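Below you'll find the structure, written out as structure tokens, and then a few comments.
The values are calculated or read from the model by the stated rules, or taken from the named source; none is laboratory data. The model shown is predicted, which means the values in this text are computed figures rather than measured ones. We place every Cβ from the backbone using ideal geometry, glycine too, and count neighbours over all the protein chains shown. The protein model used for the area step is the full one, side chains on, heavy atoms only, and it has no ligands, DNA or RNA in it. Shrake-Rupley method; radii C 1.70, N 1.55, O 1.52, S 1.80 Å.
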Amino acid sequence: MSQKEMNSMVRKLRKLKQKQSELQAEIDALTDSIKAEMTACEVDTLTGADWKITWKTVTSSRLDTTALKRELPDLALRFTKTSTSRRFCLA
């Protein structure tokens, strides 16, 4: 692939990422407005003609790896799994 083609693809990617960022901001604003309405109405579910929105509290339990490493470093090391991946960054 030529440098010109690569430059063109990178420019297009940057434009699309900018649009994605703008769309995400709009999505977040609409989501926040819906959540505010649900809070005002004191409901956790809304339904319409062809949609249903739920906003409920969810409880989860996770292992506190920082505390585990501090209190039982040998055990934490024994059960630590390392993985390798590749990160794509556009700057």
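Looking only at the range 74-84, count every residue that is open to solvent by less than 90 Å² (accessible area, probe 1.4 Å) and polar (S, T, N, Q) and tell me the total. Final tally of qualifying residues: 1. Taken together, the criteria place T57 among residues that are surrounded by fewer than 10 Cβ atoms within 10 Å (Cβ to Cβ) and of a type in the set (S, T, N, Q). For the structure I just gave you, tell me whether E71 is loosely packed, with under 10 Cβ neighbours inside 10 Å and of a type outside the set (A, V, I, L, M). No.
Is one or more of the residues making up the range 29-42 of a type in the set (A, V, I, L, M) and touching a residue at least 60 places away in the same chain (Cβ under 8 Å)? No, the range 29-42 contains no residue that is of a type in the set (A, V, I, L, M) and touching a residue at least 60 places away in the same chain (Cβ under 8 Å).
Looking at T31, T39, just one residue is more than 18 Å from the chain's Cα centre (by Cα), assigned to a helix (DSSP H, G or I) and β-branched (V, I, T), and that residue is T39.
Restricting attention to the range 42-81, report how many residues are basic (K, R) and not in a helix (DSSP H, G or I). The number of residues fulfilling the criteria is 4. Find the residue count for the range 1-18, including only residues that are exposed (fewer than 10 other Cβ atoms within 10 Å of the Cβ) and not hydroxyl-bearing (S, T, Y). Residues in the range 1-18 being exposed (fewer than 10 other Cβ atoms within 10 Å of the Cβ) and not hydroxyl-bearing (S, T, Y): 4 in total. L90 meets the conditions (1) in contact with a helix residue (DSSP H, G or I) (Cβ under 9 Å, 6 or more places away or on another chain); (2) of a type outside the set (V, I, T); (3) assigned to a helix (DSSP H, G or I) in every case but one. The failed one is (3).
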